[in-house]
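Student: First, the structure itself, so that you have it in front of you.
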Amino acid sequence: MDMDIDADVLWTPPVPGSGGGELDRFLAWLDGSRRLSFDSYGALWKWSTQEIEQFWRAIWDYYDVGSNAGEVVLEQRVMPGAVWFPGATVNYAQEMLTRAPREHPALVSVSEDGAVEETSTAELTGQVGALARTLREIGVGPGDRVAAYLPNVAEAVVALLATASLGAIWTSCAPDFGAEGVIGRFQQVEPKVLIAVEGYHFGGRYHDRGAVLRRIEAAIPSLRRTIVVRPRAQEHPPQPTPERMPWADAIAQPAEPRFEEVPFSHPLWILFSSGTTGRPKGIVHSHGGIVLEHLKTLNLGAGVGAGDRYYFYSSTNWMVWNLLVGALLAGATAVLYDGSPVHPDPAQSWRVAAAARATVFGSGAAYLTGCERAGVKPVAAGDLSALTTVVSTGSPLPPSTWSWIHDELGPAVRLDSCSGGTDVCSAFVGGSPWLPVIRGELSAPALGAKIEAFDEGGEPVVGALGELVITEPMPSMPVGFWNDPDGARYRDAYFSAYPGVWRHGDWIEFTERGGIVMQGRSDATLNRGGVRMGSADLYSVVDLIPGVADSLVIGLELPDGGYYMPLFVVTADHADQAHRSGLEAEIRDRISAELSRRHLPDEIVFAPAVPRTLTGKRLEVPVKQLLLGRIDDRGVARESVVNADSLGWYAEFGRRRIGSRGGSGSSASPSAAARG
């Protein structure tokens, strides 16, 4: 290892070749029960992706999952259409509730005002059984849908597990979603029961959602009953009606759940794509696939086990919430936070971790970069001495933020930067307690995930940007999309580019030393002069320049064959024209010095805001479509977007700047209107 690499190593395993803990125990079991021995993570990963039937059988047996597994692990090694563990039965809720002692704290709930409440496994189990009985009395059974309009509270976990215990199918939206966003999702799945709040607390105030809830109910004729959860600090509890039941009544009689054992591929939940353009896709995952994947990811990948407290800031919209709840599979405690991560200031999420004594802290990359920019001192927020790991996901993490985390939290805390997707409700690539942490690089592909980078000809590449593909099936790949009976939409989404190979839609680069660099969405690629560039590199420079609050770069192939690459910048202080001119010069200088002149935008445009999904991802592709006039701002689902009011501005900019010229932006000077 050369000196430059040494300077980039931020963490190394305490014992070379071993991270201790969960992965070591699994390897010892493999040695004792299968006579298989591995001396490195790379060797283990190679086996897990070449002998996939052996690997996933080992996961099933090691964790003693379900029953009736039989001899066959995988009927056919094909994608799509892989059928896992035919004949096996399993129930997600049963696996979740039977892996820790009854007195173990299953949940730690933290509210924005700092209140902390623990729920033991015994209490959680009793509430799940009570709610399951209520749902059964309403007429919910295997295959029926239960929808939730809930924040990240214990009641949401109870509702998910009660639904799963019956073999019914769960789906959820957070209450910051507007009526149309919820209706567009829930109407598709026709739930029998809705579990909802009439309001929620966020950012220091109460947000009333009573009118929204009534609109949702009126738009879903399949509903038999709404169960209303009382928001904390609400003055008056909801009153029962023939159509509505208070949550307190629904769980009034704690009971042991009766778990419905279902086939391995039985639908567990429906997660929706962001739905920023077009109708959101309902992605269906299975009981067996999620149990195996989350056990592998959390226990063997992240090293989460008994005694850990797993905190990940999320809403019930994001697949991260489902993974957070999955901590129960690992015998750990899930830390739930109901509130804003930046109220009363950007250090709030660190306060939550301190209050809950979290051992693992998870966040979207944007929050961590925001803390760096704001000068947050995490250790000043509270006692973080229990913390061992910081997990980052959602978008690429700038190298400077890797250093910030290391400097602020010390060399003993491991940074696990990972990337995955709602599509498999897990991570494809990330860290491992067995591997060093190198600044700017994700450590390795996840076990059981045959990840490769394909060039334009469909050949694997190393040391160059390529399409992230998966070349072997995984159990948590969707069993299909909702309302897609012939699988056409599912095949088109993942398998149309490379037959038999999953194309995920991200740019990825494998480094010569085995690390991974993520470069953003491949359908929003910058391609100047035939050289493909990821947007993440540019953001890592621009977003840390003082005076820049946010940024968005778009590469546009124009009708006349030209190429136009504007960089939209939001200033931190509504700077005047003189300040903007200086800021523009600094942006260009920094990009030239820290990246290359090829990365220089054709134009720097000061914008009112950058639209993002509710999980913080920049809307690069929808904005590209807006600028090219392929959609207008009404073609973007505003209820799925933060800063949605800016969409009209981008559409108008496209009409004015691009529609009127239609030629290459690279030779045109910025217009006065574009700078305003």
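The values are calculated or read from the model by the stated rules, or taken from the named source; none is laboratory data. Everything numeric in this text was worked out from a predicted model, so none of it was measured. We place every Cβ from the backbone using ideal geometry, glycine too, and count neighbours over all the protein chains shown. Quick note on the areas: whole protein, heavy atoms, side chains included, nothing else; ligands and nucleic acids left out. Shrake-Rupley method; radii C 1.70, N 1.55, O 1.52, S 1.80 Å.
Student: Provide the solvent-accessible area of E452, counting protein heavy atoms only and rolling a 1.4 Å probe, rounded to the nearest 10 Å².
Tutor: Around 40 Å² of this residue is reachable by solvent.
Student: Right, something else. Using Cα pairs closer than 8 Å and at least 6 residues apart in sequence, work out the relative contact order for region 402-441, in percent.
Tutor: The value is 36 percent.
Student: Also, quick follow-up: Using a 1.4 Å probe on the protein heavy atoms, what percent of the accessible area of region 81-240 belongs to carbon and sulfur? Don't jump to the answer; show the numbers that get you there.
Tutor: Values: 2670 of 5560 Å².
After summing per-atom areas, the C and S share lands at 48 percent.
Student: Calculated from DSSP H runs of 4 or more alone, at -39500 (n - 2.57) each and per residue, what is the 222 nm mean residue ellipticity of the chain, nearest 500? Don't skip to the answer; put the middle values down first.
Tutor: Numbers: 21 runs with 199 residues, N = 676.
That comes out to -8500 deg cm²/dmol.
Student: Here is a follow-up. Where only protein heavy atoms count, and the probe is 1.4 Å, what is the accessible area per residue for region 109-190 in Å²?
Tutor: With all protein chains present, region 109-190 gives 25 Å² per residue.
Student: Is the C-alpha gyration tensor of region 126-210 telling us rounded, prolate or oblate? Criteria: a/c under 1.5 is rounded; beyond that, a/b larger than b/c is prolate, otherwise oblate. Could the numbers behind the result be given before it?
Tutor: Details: a/c = 2.59, a/b = 1.47, b/c = 1.76.
Cα axes put region 126-210 in the oblate bin.
Student: Hey, another quick one. With unit charges on the beta carbons (Lys and Arg positive, Asp and Glu negative) and the dipole taken about the Cα centre of the chain, which residue among M96, Q76, S581 sits farthest to the positive side?
Tutor: It is S581, whose Cα lies furthest towards the positive end.
Student: Residue separation times 0.36 nm, minus the C-alpha to C-alpha distance between L558 and T471: what's the value? The partial results should precede the final answer.
Tutor: Values: separation 87, 0.36 × 87 = 31.32 nm, distance 3.39 nm.
Taking 0.36 nm per residue and subtracting the Cα distance, the gain is 27.9 nm.
Student: Treating the Cα atoms of region 382-450 as identical point scatterers in vacuum, please give the log10 of the normalised Debye intensity I(q)/I(0) at q = 0.12, 0.23 Å⁻¹, two decimals.
Tutor: Reported log10 I(q)/I(0), two decimals: -0.32, -1.04.
Student: Hey, another quick one. So if we plug the beta-carbon distance of D345 and A255 into 1/(1 + (r/R0)^6) with R0 = 35 Å, what FRET efficiency do we get, rounded to 0.05?
Tutor: After rounding, the FRET efficiency stands at 0.20.
Student: Can you figure out the FRET efficiency of D486 with E190, using R₀ = 22 Å and their beta-carbon distance, to the nearest 0.05?
Tutor: 0.65
Student: In whole Å, largest first, what are the principal axis extents of the Cα atoms in region 573-650?
Tutor: So the extents along the principal axes, rounded to whole Å, are 38, 28, 25.
Student: Roughly speaking, what is the stretch gain from D6 to E51, that is 0.36 nm per residue apart minus the C-alpha to C-alpha distance, in nm to one decimal?
Tutor: That works out to 12.8 nm of additional length.
Student: Lysines near K617 by alpha-carbon distance under 19 Å, same-chain residues fewer than 8 away left out - which ones?
Tutor: Partners found: K281.
Student: So, one more: How much FRET efficiency would the formula 1/(1 + (r/R0)^6) give for R590 and A211, where r is the Cβ-Cβ distance and R0 is 35 Å, rounded to 0.05?
Tutor: Details: r = 47 Å, r/R0 = 1.35.
Efficiency, from the Cβ-Cβ distance: 0.15.
Student: Working out 0.36 nm times the residue gap between A374 and R598, then minus their Cα-Cα distance, what length gain in nm do you get to one decimal?
Tutor: Result: 77.7 nm gained on full extension.
Student: Is region 240-348 rounded, prolate or oblate when judged by the Cα gyration tensor, a ≥ b ≥ c being the square roots of its eigenvalues, rounded requiring a/c under 1.5 and prolate requiring a/b larger than b/c?
Tutor: Values: a/c = 1.17, a/b = 1.05, b/c = 1.11.
The shape class here is rounded.
Student: Here is a further query. When only C-alpha pairs under 8 Å and at least 6 residues apart count, what is the relative contact order of the chain, in percent?
Tutor: Normalised by residue count, the contact order of the chain is 13 percent.
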